[in-house]
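The values are calculated or read from the model by the stated rules, or taken from the named source; none is laboratory data. All figures in this text were calculated on a predicted structure; none of them were measured in a lab. Note: ideal-geometry Cβ built from the backbone for every residue, glycine included; neighbour counts use all protein chains shown. These accessible areas exclude ligands, DNA and RNA; they are computed on the full protein's heavy atoms, side chains included. Shrake-Rupley method; radii C 1.70, N 1.55, O 1.52, S 1.80 Å.
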Amino acid sequence: MTLNQRVALVTGSSSGIGHEIALVLARNGYFTFATMRDLQKKSKLESIKDEENLPLEFVQLDVTNEESVRIAVQTIQDDKDRIDVLVNNAGYGLTGALEDLSIDEIKTQFETNFYGLIRTTQAVLPIMRKQRSGIIVNISSGAGRFGYPMGSAYVSTKFAIEGLSESLSFEVEPFGIKVILIEPGMIRTNFSSASVLAKKSLDPNSPYVPIMKNMEKGIKQLLENASSSQLVANITFEAISSDKSRLRYLVGKDVEQWIEAKKKMTDEEFHNMIKQL
Ligand SMILES: NC(=O)c1ccc[n+]([C@@H]2O[C@H](COP(=O)([O-])OP(=O)(O)OC[C@H]3O[C@@H](n4cnc5c(N)ncnc54)[C@H](OP(=O)(O)O)[C@@H]3O)[C@@H](O)[C@H]2O)c1
(Lines give C-alpha, C1' and ligand atoms only; values in the text may rest on other atoms or scores of the structure.)
Protein backbone atom coordinates (compact mmCIF):
# COMPACT_ATOMS: atom_id res chain seq x y z
CA MET A 1 0.00 0.00 0.00
CA THR A 2 1.31 3.44 -0.89
CA LEU A 3 1.54 5.88 2.01
CA ASN A 4 -1.86 7.37 2.90
CA GLN A 5 -3.66 5.27 0.29
CA ARG A 6 -7.34 5.42 1.11
CA VAL A 7 -9.29 2.23 1.67
CA ALA A 8 -12.84 1.40 0.56
CA LEU A 9 -15.25 -1.43 1.28
CA VAL A 10 -18.13 -2.07 -1.10
CA THR A 11 -20.88 -4.61 -0.37
CA GLY A 12 -22.62 -6.55 -3.15
CA SER A 13 -19.78 -6.11 -5.67
CA SER A 14 -20.56 -9.22 -7.70
CA SER A 15 -22.71 -7.30 -10.19
CA GLY A 16 -24.42 -4.08 -11.21
CA ILE A 17 -23.94 -0.91 -9.20
CA GLY A 18 -21.59 -2.45 -6.60
CA HIS A 19 -19.35 -3.87 -9.33
CA GLU A 20 -19.08 -0.44 -11.01
CA ILE A 21 -18.52 1.48 -7.77
CA ALA A 22 -15.71 -0.92 -6.78
CA LEU A 23 -14.10 -0.34 -10.20
CA VAL A 24 -14.38 3.44 -10.10
CA LEU A 25 -12.90 3.57 -6.60
CA ALA A 26 -10.00 1.28 -7.50
CA ARG A 27 -9.35 3.16 -10.77
CA ASN A 28 -9.13 6.35 -8.74
CA GLY A 29 -6.53 4.99 -6.37
CA TYR A 30 -8.61 3.66 -3.47
CA PHE A 31 -7.44 0.29 -2.20
CA THR A 32 -10.83 -1.31 -2.69
CA PHE A 33 -12.23 -4.37 -0.99
CA ALA A 34 -14.90 -5.61 -3.37
CA THR A 35 -16.94 -7.80 -1.07
CA MET A 36 -19.55 -10.32 -2.16
CA ARG A 37 -21.45 -13.16 -0.57
CA ASP A 38 -20.28 -15.65 -3.18
CA LEU A 39 -16.62 -15.27 -4.13
CA GLN A 40 -17.13 -17.48 -7.18
CA LYS A 41 -18.68 -14.40 -8.77
CA LYS A 42 -15.44 -12.41 -8.60
CA SER A 43 -14.04 -13.57 -11.97
CA LYS A 44 -15.24 -10.62 -14.10
CA LEU A 45 -13.90 -8.02 -11.66
CA GLU A 46 -10.74 -10.06 -11.16
CA SER A 47 -9.89 -10.10 -14.85
CA ILE A 48 -10.37 -6.31 -15.05
CA LYS A 49 -8.18 -5.97 -11.96
CA ASP A 50 -5.42 -8.03 -13.63
CA GLU A 51 -5.73 -6.23 -16.98
CA GLU A 52 -5.58 -2.77 -15.41
CA ASN A 53 -3.41 -3.65 -12.42
CA LEU A 54 -5.95 -2.21 -10.00
CA PRO A 55 -5.68 -2.03 -6.19
CA LEU A 56 -8.61 -4.42 -5.71
CA GLU A 57 -9.08 -7.32 -3.32
CA PHE A 58 -11.97 -9.70 -2.86
CA VAL A 59 -13.43 -10.61 0.52
CA GLN A 60 -16.47 -12.75 1.30
CA LEU A 61 -19.23 -10.75 2.98
CA ASP A 62 -22.87 -11.72 3.32
CA VAL A 63 -24.68 -8.76 4.88
CA THR A 64 -27.26 -11.06 6.48
CA ASN A 65 -24.60 -12.98 8.39
CA GLU A 66 -23.16 -11.33 11.53
CA GLU A 67 -20.06 -13.55 11.55
CA SER A 68 -19.35 -12.99 7.86
CA VAL A 69 -19.53 -9.20 8.35
CA ARG A 70 -17.32 -9.35 11.45
CA ILE A 71 -14.65 -11.49 9.77
CA ALA A 72 -14.65 -9.36 6.59
CA VAL A 73 -14.19 -6.09 8.48
CA GLN A 74 -11.56 -7.66 10.77
CA THR A 75 -9.67 -8.95 7.72
CA ILE A 76 -9.60 -5.46 6.21
CA GLN A 77 -8.58 -3.88 9.51
CA ASP A 78 -5.75 -6.40 10.00
CA ASP A 79 -4.53 -5.74 6.47
CA LYS A 80 -4.91 -1.96 6.13
CA ASP A 81 -5.81 -0.71 9.60
CA ARG A 82 -8.27 1.80 8.14
CA ILE A 83 -11.51 2.13 6.16
CA ASP A 84 -12.15 5.51 4.55
CA VAL A 85 -15.25 4.70 2.54
CA LEU A 86 -18.00 2.17 3.17
CA VAL A 87 -20.50 1.67 0.35
CA ASN A 88 -23.63 -0.13 1.55
CA ASN A 89 -24.93 -1.38 -1.77
CA ALA A 90 -26.10 -5.00 -1.32
CA GLY A 91 -29.82 -5.33 -1.87
CA TYR A 92 -32.65 -6.83 -3.86
CA GLY A 93 -36.28 -6.08 -4.63
CA LEU A 94 -39.29 -7.90 -3.25
CA THR A 95 -42.38 -7.37 -5.39
CA GLY A 96 -46.00 -8.01 -4.52
CA ALA A 97 -49.11 -6.45 -3.06
CA LEU A 98 -48.89 -6.06 0.72
CA GLU A 99 -51.75 -8.50 1.23
CA ASP A 100 -49.88 -11.11 -0.82
CA LEU A 101 -46.61 -10.71 1.08
CA SER A 102 -45.84 -13.07 3.94
CA ILE A 103 -44.24 -11.65 7.06
CA ASP A 104 -41.28 -13.98 6.43
CA GLU A 105 -40.79 -12.58 2.93
CA ILE A 106 -40.85 -9.05 4.32
CA LYS A 107 -38.47 -9.93 7.16
CA THR A 108 -36.03 -11.52 4.69
CA GLN A 109 -36.21 -8.36 2.57
CA PHE A 110 -35.39 -6.17 5.59
CA GLU A 111 -32.68 -8.61 6.68
CA THR A 112 -30.67 -7.81 3.54
CA ASN A 113 -31.60 -4.27 2.56
CA PHE A 114 -31.91 -2.70 6.00
CA TYR A 115 -30.42 -4.83 8.80
CA GLY A 116 -27.59 -5.81 6.44
CA LEU A 117 -26.71 -2.15 6.01
CA ILE A 118 -26.87 -1.63 9.79
CA ARG A 119 -24.67 -4.69 10.46
CA THR A 120 -21.93 -3.49 8.12
CA THR A 121 -22.13 0.11 9.30
CA GLN A 122 -21.90 -0.90 12.97
CA ALA A 123 -18.86 -3.05 12.22
CA VAL A 124 -17.07 -0.24 10.37
CA LEU A 125 -17.97 2.74 12.59
CA PRO A 126 -15.46 2.01 15.41
CA ILE A 127 -12.65 2.08 12.81
CA MET A 128 -13.84 5.36 11.26
CA ARG A 129 -14.41 6.92 14.68
CA LYS A 130 -10.89 5.98 15.78
CA GLN A 131 -9.37 7.52 12.64
CA ARG A 132 -11.78 10.50 13.03
CA SER A 133 -12.76 10.40 9.37
CA GLY A 134 -14.79 8.38 6.94
CA ILE A 135 -17.63 8.37 4.46
CA ILE A 136 -20.62 6.05 4.61
CA VAL A 137 -22.45 5.80 1.29
CA ASN A 138 -25.88 4.22 1.46
CA ILE A 139 -27.36 3.12 -1.85
CA SER A 140 -31.00 4.08 -1.44
CA SER A 141 -33.31 4.64 -4.42
CA GLY A 142 -36.03 6.86 -5.82
CA ALA A 143 -38.03 4.23 -3.91
CA GLY A 144 -36.66 5.87 -0.77
CA ARG A 145 -38.54 9.06 -1.66
CA PHE A 146 -41.92 7.81 -2.91
CA GLY A 147 -44.03 4.67 -3.02
CA TYR A 148 -45.53 2.81 -5.97
CA PRO A 149 -47.80 -0.21 -6.40
CA MET A 150 -46.39 -3.67 -5.53
CA GLY A 151 -43.39 -2.01 -3.88
CA SER A 152 -44.49 -1.68 -0.27
CA ALA A 153 -41.80 -4.01 1.14
CA TYR A 154 -38.88 -2.77 -0.97
CA VAL A 155 -39.98 0.86 -0.67
CA SER A 156 -40.21 0.47 3.13
CA THR A 157 -36.59 -0.73 3.29
CA LYS A 158 -35.43 2.28 1.28
CA PHE A 159 -37.51 4.76 3.31
CA ALA A 160 -35.95 3.16 6.40
CA ILE A 161 -32.46 3.69 4.95
CA GLU A 162 -33.30 7.34 4.31
CA GLY A 163 -34.43 7.92 7.90
CA LEU A 164 -31.51 6.00 9.34
CA SER A 165 -29.05 8.00 7.22
CA GLU A 166 -30.51 11.36 8.24
CA SER A 167 -30.27 10.46 11.94
CA LEU A 168 -26.87 8.81 11.67
CA SER A 169 -25.38 11.85 9.95
CA PHE A 170 -25.94 13.92 13.13
CA GLU A 171 -24.38 11.27 15.38
CA VAL A 172 -21.19 10.71 13.40
CA GLU A 173 -20.53 14.28 12.26
CA PRO A 174 -18.57 15.13 15.47
CA PHE A 175 -16.19 12.28 14.60
CA GLY A 176 -15.49 13.61 11.10
CA ILE A 177 -17.68 11.00 9.42
CA LYS A 178 -20.07 11.88 6.58
CA VAL A 179 -23.17 10.05 5.39
CA ILE A 180 -24.25 10.16 1.74
CA LEU A 181 -27.44 8.80 0.20
CA ILE A 182 -27.38 7.78 -3.46
CA GLU A 183 -30.86 7.66 -4.97
CA PRO A 184 -30.85 6.00 -8.39
CA GLY A 185 -33.86 5.82 -10.67
CA MET A 186 -34.15 2.87 -13.07
CA ILE A 187 -30.70 1.38 -13.66
CA ARG A 188 -29.76 -1.42 -16.08
CA THR A 189 -28.42 -4.20 -13.82
CA ASN A 190 -29.42 -7.71 -12.71
CA PHE A 191 -31.87 -6.07 -10.31
CA SER A 192 -35.06 -7.06 -12.19
CA SER A 193 -33.98 -10.65 -12.76
CA ALA A 194 -32.83 -10.97 -9.13
CA SER A 195 -36.11 -9.52 -7.80
CA VAL A 196 -38.20 -11.85 -5.68
CA LEU A 197 -41.91 -12.13 -6.37
CA ALA A 198 -44.18 -12.73 -3.38
CA LYS A 199 -45.27 -16.39 -3.48
CA LYS A 200 -48.95 -15.50 -3.25
CA SER A 201 -48.61 -13.14 -6.25
CA LEU A 202 -47.99 -16.20 -8.40
CA ASP A 203 -51.51 -17.40 -7.64
CA PRO A 204 -53.63 -16.47 -10.70
CA ASN A 205 -56.55 -15.94 -8.29
CA SER A 206 -54.78 -13.15 -6.43
CA PRO A 207 -57.07 -10.11 -6.56
CA TYR A 208 -54.00 -8.04 -7.36
CA VAL A 209 -53.15 -9.77 -10.66
CA PRO A 210 -54.37 -6.85 -12.86
CA ILE A 211 -52.35 -4.25 -10.91
CA MET A 212 -49.33 -6.57 -10.98
CA LYS A 213 -49.58 -7.06 -14.76
CA ASN A 214 -49.90 -3.32 -15.27
CA MET A 215 -46.91 -2.72 -13.06
CA GLU A 216 -44.76 -5.26 -14.94
CA LYS A 217 -45.65 -3.54 -18.23
CA GLY A 218 -44.81 -0.12 -16.79
CA ILE A 219 -41.45 -1.31 -15.43
CA LYS A 220 -40.52 -2.81 -18.82
CA GLN A 221 -41.21 0.52 -20.49
CA LEU A 222 -39.29 2.49 -17.88
CA LEU A 223 -36.33 0.12 -18.20
CA GLU A 224 -36.01 1.09 -21.87
CA ASN A 225 -34.75 4.49 -20.74
CA ALA A 226 -32.85 3.23 -17.72
CA SER A 227 -29.48 4.74 -16.83
CA SER A 228 -26.23 2.79 -16.60
CA SER A 229 -24.59 1.55 -13.43
CA GLN A 230 -21.51 3.52 -14.57
CA LEU A 231 -23.53 6.72 -14.08
CA VAL A 232 -24.36 5.67 -10.51
CA ALA A 233 -20.68 4.88 -9.89
CA ASN A 234 -19.49 8.20 -11.32
CA ILE A 235 -21.95 10.25 -9.28
CA THR A 236 -21.07 8.25 -6.17
CA PHE A 237 -17.39 8.95 -6.75
CA GLU A 238 -18.11 12.65 -7.33
CA ALA A 239 -20.00 12.75 -4.01
CA ILE A 240 -17.21 10.96 -2.15
CA SER A 241 -14.57 13.27 -3.62
CA SER A 242 -16.37 16.54 -2.89
CA ASP A 243 -15.38 18.70 0.09
CA LYS A 244 -18.95 19.94 0.13
CA SER A 245 -20.84 16.70 -0.39
CA ARG A 246 -24.59 16.77 0.09
CA LEU A 247 -26.68 14.24 1.98
CA ARG A 248 -28.60 13.20 -1.15
CA TYR A 249 -27.69 12.53 -4.79
CA LEU A 250 -30.30 11.57 -7.37
CA VAL A 251 -29.06 9.47 -10.30
CA GLY A 252 -30.92 9.49 -13.61
CA LYS A 253 -33.20 11.81 -15.55
CA ASP A 254 -36.26 9.73 -14.59
CA VAL A 255 -35.83 10.11 -10.82
CA GLU A 256 -34.83 13.77 -11.19
CA GLN A 257 -38.13 14.42 -12.97
CA TRP A 258 -40.17 12.44 -10.42
CA ILE A 259 -38.66 14.26 -7.45
CA GLU A 260 -39.08 17.62 -9.20
CA ALA A 261 -42.76 16.76 -9.83
CA LYS A 262 -43.19 15.62 -6.22
CA LYS A 263 -41.95 18.99 -4.98
CA LYS A 264 -44.48 20.86 -7.10
CA MET A 265 -47.49 18.56 -6.74
CA THR A 266 -49.89 17.73 -3.98
CA ASP A 267 -49.69 14.15 -2.71
CA GLU A 268 -52.87 13.39 -4.65
CA GLU A 269 -51.50 14.82 -7.91
CA PHE A 270 -48.29 12.87 -7.48
CA HIS A 271 -50.25 9.68 -6.71
CA ASN A 272 -52.18 10.08 -9.97
CA MET A 273 -48.99 10.71 -11.91
CA ILE A 274 -47.34 7.52 -10.58
CA LYS A 275 -50.52 5.56 -11.37
CA GLN A 276 -50.18 6.57 -15.02
CA LEU A 277 -46.52 5.57 -15.43
N1 LIG B 1 -31.17 -1.34 -10.57
C2 LIG B 1 -31.96 -0.36 -10.18
O3 LIG B 1 -32.85 0.08 -10.94
C4 LIG B 1 -31.79 0.24 -8.80
C5 LIG B 1 -32.41 1.47 -8.57
C6 LIG B 1 -32.28 2.07 -7.31
C7 LIG B 1 -31.54 1.44 -6.34
N8 LIG B 1 -30.94 0.23 -6.58
C9 LIG B 1 -30.18 -0.38 -5.49
O10 LIG B 1 -28.86 -0.62 -5.92
C11 LIG B 1 -28.30 -1.68 -5.14
C12 LIG B 1 -27.59 -2.65 -6.08
O13 LIG B 1 -28.52 -3.23 -6.96
P14 LIG B 1 -28.22 -3.50 -8.50
O15 LIG B 1 -29.19 -2.72 -9.29
O16 LIG B 1 -26.78 -3.36 -8.78
O17 LIG B 1 -28.70 -5.04 -8.62
P18 LIG B 1 -27.87 -6.38 -8.79
O19 LIG B 1 -27.08 -6.33 -10.06
O20 LIG B 1 -28.86 -7.47 -8.61
O21 LIG B 1 -26.83 -6.36 -7.58
C22 LIG B 1 -27.22 -6.62 -6.26
C23 LIG B 1 -26.00 -7.02 -5.47
O24 LIG B 1 -26.37 -7.22 -4.10
C25 LIG B 1 -25.83 -8.46 -3.71
N26 LIG B 1 -26.49 -9.07 -2.56
C27 LIG B 1 -27.78 -9.47 -2.43
N28 LIG B 1 -27.97 -10.01 -1.22
C29 LIG B 1 -26.78 -9.95 -0.57
C30 LIG B 1 -26.33 -10.35 0.70
N31 LIG B 1 -27.12 -10.97 1.58
N32 LIG B 1 -25.02 -10.10 1.05
C33 LIG B 1 -24.19 -9.51 0.17
N34 LIG B 1 -24.56 -9.14 -1.07
C35 LIG B 1 -25.84 -9.36 -1.43
C36 LIG B 1 -25.90 -9.34 -4.94
O37 LIG B 1 -25.10 -10.49 -4.79
P38 LIG B 1 -25.38 -11.87 -5.58
O39 LIG B 1 -24.75 -11.70 -6.94
O40 LIG B 1 -24.71 -12.91 -4.75
O41 LIG B 1 -26.86 -12.05 -5.66
C42 LIG B 1 -25.39 -8.34 -5.96
O43 LIG B 1 -24.00 -8.23 -5.90
C44 LIG B 1 -29.44 -2.30 -4.34
O45 LIG B 1 -29.39 -1.83 -3.01
C46 LIG B 1 -30.68 -1.74 -5.04
O47 LIG B 1 -31.77 -1.63 -4.16
C48 LIG B 1 -31.06 -0.38 -7.81
Exercise. Tally the residues that are touching a residue at least 12 places away in the same chain (Cβ under 8 Å), among the basic types (K, R), assigned to a helix (DSSP H, G or I) and open to solvent by 50 Å² or more (accessible area, probe 1.4 Å), restricting the search to region 75-125.
Key: 0
Quiz item: Looking at region 157-208, which of its residues are part of a loop (DSSP other than H, G, I, E, B) and open to solvent by less than 30 Å² (accessible area, probe 1.4 Å)?
Solution: G185, A198, S206
Self-check item: Condition check for I211: buried (at least 16 other Cβ atoms within 10 Å of the Cβ) and either more than 10 Å from the ligand (Cβ to nearest atom) or within 22 Å of S13 (Cα to Cα) (or both)
Solution: no
Quiz item: Residues of region 262-277 being out of contact with any helix residue (DSSP H, G or I) (no Cβ under 7 Å at 6 or more places or on another chain), open to solvent by 70 Å² or more (accessible area, probe 1.4 Å) and either modelled with pLDDT under 95 or β-branched (V, I, T) (or both), which ones?
Solution: K275, Q276
Quiz item: In region 28-42, what residues are away from the ligand (no atom under 12 Å from the Cβ) and either free of Cβ contacts under 8 Å to residues at least 60 places away in the same chain or open to solvent by less than 70 Å² (accessible area, probe 1.4 Å) (or both)?
Solution: G29, Y30, F31, T32, F33
Quiz item: Name the pairs: first residue in region 178-195 and within 20 Å of F146 (Cβ to Cβ), second residue part of a helix (DSSP H, G or I) and open to solvent by 20 Å² or more (accessible area, probe 1.4 Å), Cβ to Cβ under 6 Å, at least 6 apart or on different chains?
Solution: G185/D254; M186/L222; M186/L223; M186/D254
